[in-house]
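Enquirer: My questions will all concern the structure given below.
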Amino acid sequence: MARPRKPLLSTDRIVATARDLVDTEGLAAVSTRRLATELGVSGPSLYNHFSTKDEILEAVADSVSAQVDLSMFEDGRDWRTALHDWAVSYRTALRDHPNIVPVLAHGPGRRPAALRLADAVYGAMVDAGWPPAQATSIGALMRYFVMGSALGSFAGGFVGDAGAYDPADYPHLGQAHLLADQQEKIDERAFETGLTALLDGLVQQYEQVGRTAQAT
C-alpha cells in the first residue's frame with residue numbers, strides 16, 4: 001500500500017498556519033521553527049516561500065485584509081451607505097483576527113489586498129465628488145476608527161467584581177461590574193453609535209463641498 005503523501009508546502013498553507021498561530025497564541029508564537037513544526041517540514045523549506053518571519057506576518061495581515069468585502073463600492077450604493085457597510089465588514093475581519101491588528105496598523109505598505117482596499121475607498125470617494133485631499137482624509141479617519149474599535153473591548157476592560165468600583169471613589173461606576181457580561185452587545189452598540197456620528201458629520205461636510213462647488 002502506498003504511503004499517504006504529505007500535503008505540498010505552499011505559500012497559502014504557510015500563511016493559513018501562521019494565521020491560526022497568531023489567532024490562538026499571538027504574534028510572538030510565530031517563528032520559522034514553530035511553523036516548520038506545525039507544517040511537518042524542515043525549517044529551510046520555508047525560505048523557498050518567505051525570506052523572513054516579518055514577511056510571513058505581512059502575508060498574514062494581507063490575508064485578513066483580503067477578507068474585507070469591497071463590493072459595496074461597485075454595486076451602486078451611495079457613498080455614505082458604502083462607507084458604512086465597508087466599515088462593518090472591515091471591523092468584522094479585524095474582530096475575527098485581533099492579534100494581527102498591530103501589523104495592519106503600520107499601513108498597507110506593499111501588501112496587495114490592503115492596497116486594493118485603500119484604492120477602493122479612495123476611488124469611491126473621489127467618484128462621489130469628494131476632492132482628492134478630503135478623500136484621502138476620509139480613508140485615513142475610517143481606518144483609525146475601525147482599527148481603534150478592534151484593538152480591544154471597552155466593556156471587556158471592566159472586571160465582574162462590584163467591590164472594585166467603590167462608590168466613594170467612583171460615584172458613577174456603580175454598574176461597571178456588569179459591563180463584561182454584555183461585552184459584545186455594548187461594543188457593537190458603541191461601534192454603530194460612533195460610525196453613525198462619523199458618517200453624519202461627513203454628510204454635512206459633503207453638503208458644504210457641494211455648495212462650494214456651485215459657488216465657483
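The values are calculated or read from the model by the stated rules, or taken from the named source; none is laboratory data. None of the values given here were measured: they were computed from a predicted structure. Positions of Cβ are backbone-derived with ideal geometry, glycine not excepted, and every protein chain shown enters the neighbour counts. Accessible surface areas use protein heavy atoms only, side chains included; no ligands, DNA or RNA. Shrake-Rupley method; radii C 1.70, N 1.55, O 1.52, S 1.80 Å.
Enquirer: What nm distance separates the two modelled labels at residue 184 and residue 140, each placed 7 Å from Cα along Cα→Cβ?
Expert: 3.6
Enquirer: Could you go through region 147-159 in sequence order and give the Karplus-derived ³J(HN,Hα) for each residue, using 6.51 cos²θ - 1.76 cosθ + 1.60 with θ = phi - 60°, rounded to whole Hz, and x for Gly and Pro?
Expert: 5, x, 5, 8, 6, x, 8, 5, 5, x, x, 9, 8
Enquirer: Further, regarding this structure: Could you go through region 13-20 in sequence order and give the Karplus-derived ³J(HN,Hα) for each residue, using 6.51 cos²θ - 1.76 cosθ + 1.60 with θ = phi - 60°, rounded to whole Hz, and x for Gly and Pro?
Expert: The phi angles translate into 5, 4, 5, 4, 5, 5, 5, 4 Hz.
Enquirer: Relative contact order of the chain, please, whole-number percent, based on alpha carbon pairs below 8 angstrom and at least 6 residues apart.
Expert: 15
Enquirer: Given a 1.4 Å probe and the protein chains all in place, what does the accessible area of residue 72 round to, in Å² to the nearest 10?
Expert: Here the accessible area works out near 0 Å².
Enquirer: So what is the calculated 222 nm ellipticity per residue for the chain, using -39500 (n - 2.57) for each DSSP H run with n of 4 or more, over all residues, to the nearest 500 deg cm²/dmol?
Expert: Mean residue ellipticity at 222 nm (helix-derived): -19500 deg cm²/dmol.
Enquirer: Considering only 133, 190, 114, give the residue with the highest GNM mean-square fluctuation for the chain, with springs between Cα atoms whenever their separation is below 10 Å.
Expert: 133
Enquirer: Compute the length gained on full extension between residue 205 and residue 45: take 0.36 nm times their separation in residues and subtract their Cα-Cα distance, giving the result in nm to one decimal.
Expert: Going from the current span to full extension adds 52.2 nm.
Enquirer: Give me the percent of the accessible area of region 40-126 that comes from carbon and sulfur atoms, probe 1.4 Å, all protein chains in place. The partial results should precede the final answer.
Expert: On the way: 2180 of 4130 Å².
Accessible surface attributable to carbon and sulfur in region 40-126 totals 53 percent.
Enquirer: Relative contact order of region 1-77: what whole-number percent is it, with Cα pairs under 8 angstrom and at least 6 residues apart?
Expert: On the way: 38 pairs, mean separation 22.2, N = 77.
Value for region 1-77: 29 percent.
Enquirer: With every protein chain present, what accessible area does residue 96 have (1.4 Å probe, heavy atoms only), rounded to the nearest 10 Å²?
Expert: Ignoring ligands and nucleic acids, residue 96 comes out at about 90 Å².
Enquirer: Any idea what log10 I(q)/I(0) is at q = 0.11, 0.17 Å⁻¹ for the chain, Debye with uniform C-alpha scatterers and no solvent?
Expert: -0.71, -1.14
Enquirer: Still on this structure, please answer the following. Separation between the residue 71 and residue 212 pseudo-spin-labels, each 7 Å from Cα along Cα→Cβ, expressed in nm?
Expert: In this crude spin-label approximation the distance works out to 3.5 nm.
Enquirer: Another question about this same structure. Starting from the Kirkwood radius over alpha-carbon pairs of region 21-83, derive D by Stokes-Einstein at 20 °C in a medium of 1.002 mPa s and give it in µm² s⁻¹. Can you show the working numbers first?
Expert: Details: Rh = 14.1 Å.
The Stokes-Einstein estimate is 152 µm²/s.
Enquirer: Once you place label points 7 Å from the Cα toward the Cβ at residue 172 and residue 16, how far apart are they in nm?
Expert: In this crude label model, residue 172 to residue 16 measures out at 4.9 nm.
Enquirer: Given a 1.4 Å probe and heavy atoms of the protein chains only, how would you sort 177, 172, 106, largest accessible area at the top?
Expert: Ranked from most to least accessible, the order is 172, 106, 177.
Enquirer: Using the beta-carbon distance between residue 55 and residue 81 and R0 = 35 Å, what value does 1/(1 + (r/R0)^6) give for FRET efficiency, to the nearest 0.05?
Expert: E between residue 55 and residue 81, to the nearest 0.05, is 0.40.
Enquirer: Oh, and also: Please compute one quarter of the surface area of the Cα convex hull for region 42-122 and express it in square nanometres.
Expert: Mean projected area for region 42-122: 6.1 nm², to one decimal.
Enquirer: Suppose a student asked you for the relative contact order of region 58-112, using Cα pairs under 8 Å spaced at least 6 residues apart; what percent would you report?
Expert: Relative CO of region 58-112 lands at 51 percent.
Enquirer: If you don't mind, another one. Pick from 101, 203, 15: which is most flexible by mean-square fluctuation in a GNM of the chain where alpha carbon atoms under 10 Å apart are linked?
Expert: Between 101, 203, 15, it is 203 that shows the largest mean-square fluctuation.
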